[in-house]
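Encoded as structure tokens, the structure appears first; notes follow it.
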Amino acid sequence: MVARGFFQVYDKANSWDSVCTVFFIDTTANVINYVESIYDILKPGGCWLNFGQTALSPLNCPVKVGFVIPNEQLDVPVSYAQHSGAIASYHYNCV
């Protein structure tokens, strides 16, 4: 991650073969802007691999933007910020 925002750093269209996002899409109030930006920076035929909370899936916005989803796994249980000696831990169902 960098000090500047996602849109300022990754703004050149058709410049990436693939983009991988992990627990990233939920960092914005406007998911559609992120998805559109990721689509724009990928080269034709590029691949976006996303792993994170399932809040994105019901919106179906990646398909509306133009992504083709060949394989999607829903509700993958994931521990996040977990330590065996801690009182609390966070668990998410991811996509």
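Structure data summary
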item	result
Pairs, first at negative phi and without any contact (Cβ under 8 Å) to a residue 12 or more places away in the chain in region 12-41, second surrounded by fewer than 16 Cβ atoms within 10 Å (Cβ to Cβ) and among the aliphatic types (A, V, I, L, M), C-beta under 7 Å, six or more apart	none
Residues (among the charged types (D, E, K, R) and either within 26 Å of PRO44 (Cβ to Cβ) or without any contact (Cβ under 8 Å) to a residue 12 or more places away in the chain (or both)) located in region 66-95	GLU72
Residue tally, condition crowded, with 16+ Cβ neighbours inside 10 Å and either touching a Pro at 6+ places or on another chain (Cβ under 6 Å) or modelled with pLDDT under 90 (or both), over region 11-44	6
Among residues of region 54-89, those that are modelled with pLDDT under 80 and of a type in the set (Phe, Trp, Tyr), counted	1
Single condition VAL63 does not satisfy, out of (1) assigned to a helix (DSSP H, G or I); (2) β-branched (Val, Ile, Thr); (3) touching a residue at least 24 places away in the same chain (Cβ under 8 Å)	(3)
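The values are calculated or read from the model by the stated rules, or taken from the named source; none is laboratory data. Computed from a predicted structure; not experimentally measured. Note that we place each Cβ from the backbone using ideal geometry, even for glycine, and neighbour counts take in every protein chain shown.
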